[in-house]
Every structure is written in structure tokens, then in C-alpha cells.
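Inspection log for the structure reproduced underneath, given as C-alpha cells.
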Amino acid sequence: MKYLLLLFTLLAFSACGLKNDYVLFNQAQKNQNNQVLQSSNIKFEYKILPHDRISVIVYKHPELSTKNMNNTNTQEETGLLVNSEGYLRLPLIRKIKISGLTQTEAEEKITAAFRTYLKTPNVQLEVLNKRVYVIGEVNRPGEIKLTNERLTLLQALASAGDLTVNANRRSILVFKSGDAKRVRTRVVNLTDINSLMTANLMVEPNDIIYVVPNNMQIFNNKVNEISPIFNLVSNALSPFVTLRVLTN
């Protein structure tokens, strides 16, 4: 009786735990002409967001560059913070709005603003805090700094120490912040050879990669969660079961 109760409860919990709500993204991404988008053909340039940290270098004018303003002896530059309204404060031009612009557009806008005070300003701008985040069934979960704007999903997973033995290679979730109101979710199947070289595998700054555990791992977690309940029920029913056996 005790074991039958345990079996039925395990089946009920495992049915809930093993239910797969993900739709595998096996098809290669295509453009409007129904052509497969290869990763080498994808053009992407990051748009600056509020609270980003920005490095600005004004050539031949180090006093206007952010590294000189920080007065730091460390090799890593902290940069200047874009405020919540999207403005960056700089010498001479005071504040300038750059949120929503690409790095190239922001460089051109700042260069144009400096022309009021400098004869031939030459500005280089860089976003310092571009990251992707890898969590779930990987050996080293955490944030990965992007040194450039192009990174594949496989490179991100390799930087996180590769997948664990419990990882579900058919369901790699990539959460993308399309705008402030919604988040796009892409599910990549790493076992599909046809999609490994397509645009499905490109990740962008601020993406969150979640490696889903496989079904057996979910089942084991559910069993571990309900084990204390079964022990409690078993201990409570044990005297009654023993009494019934002795009575018979």
C-alpha cells in the first residue's frame, strides 16, 4: 500500500515536471526572399542604452578623453555612465543624448558637437559593458564579456566551460531584449546539423542563454523535492499498516 502510494505520486509529479513547453527552433532563419541567413551575412551594431558605460577618446586632446577624466592607474577603464535619460556628460559640450544610437552614430554626433570648440576633432567611442549571460547546465555559469559585437552561441557556451552531462542539447534558450516592453525567446537545437551555421547561433549583447536540464534531471529534482513528504507520510502510516498486518 505504501509503495503503491509512492508510485502514483511519483508518476503525477513526473508528468508535471516532464511536460515540455518549449518549441524547438530547428528551422534555419530566413529573410523575406526565403533565403537562409548564414551567420557570416548577419549585420549587427549595438545600440547604446541608458546606464551603459562609455569610453570616449578624443585624439590629440587627452584632457577630453574619459581615461584621463577617470584618473585611474588600472589597465581597465571604467568609462562614463549614460544616465537614465540617455545623456552623457562630456567636457565643453556638457551633456549630449546618445541612447538609441549605434556606436558609429554616437561618434558622429559627439564629433559634430566638438566642432564648435575644436578645429578637427577625431572621436572614438566604445561601449565597455557589453555582456552575455550563460546560466543553467554549464560548467562555469556567469557573465561573458564581449570584446566585439559578433559572438556565436557555441563560442559563448565554450567560454562557460561547455555543457554538463545533464544538459538538454535540444533546448538551448536564448532570451533577447527586443525593446523595453517585450523579450523574444529563441530555442536552439544543437543536434540539428542544418541550423548550426545559420543566424540562429548568433548572440548579441545583453542576451541571456539558459541551458535547460534534460528530462531525467528534472525527474530527479522532482523526486528530491517530494522525498521528505513521502518520508513523513510513510512514518505516519507505518504504525497503522503494522497494526493492520498484526490484526490479520
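The values are calculated or read from the model by the stated rules, or taken from the named source; none is laboratory data. Model, not experiment: these values are computed from the prediction. Note: ideal-geometry Cβ built from the backbone for every residue, glycine included; neighbour counts use all protein chains shown. For the accessible areas, the whole protein counts, side chains as well, though only heavy atoms, and no ligand, DNA or RNA atoms are used. Shrake-Rupley method; radii C 1.70, N 1.55, O 1.52, S 1.80 Å.
Quick notes on this one:
- Figure note: 175, 114 ranked by solvent-accessible area, largest first, 1.4 Å probe, ligands and nucleic acids not counted: 175, 114.
- Order of exposure, largest accessible area first, which applies to 140, 184 with probe 1.4 Å: 140, 184
- Spacing of the modelled spin labels on residue 162 and residue 92, each 7 Å from Cα toward Cβ, amounts to 5.3 nm.
- At most 11 other Cβ within 10 Å, DSSP loop - GluC sites (Glu not before Pro), the range 73-149: 76, 85
- Rounded to whole Hz, the Karplus (6.51, -1.76, 1.60) HN-Hα couplings of the range 116-128, x for glycine and proline: 5, 10, 10, 6, 9, x, 10, 10, 10, 10, 9, 8, 8
- Amide proton proximity set for residue 136, modelled H, under 5 Å, gap of 5+: 211
- Heavy atoms of residue 55: accessible area, 1.4 Å probe, square angstrom to 10: 10 Å²
- Added length on full extension, which subtracts the Cα-Cα distance from 0.36 nm per residue, residue 182 to residue 145: 10.9 nm
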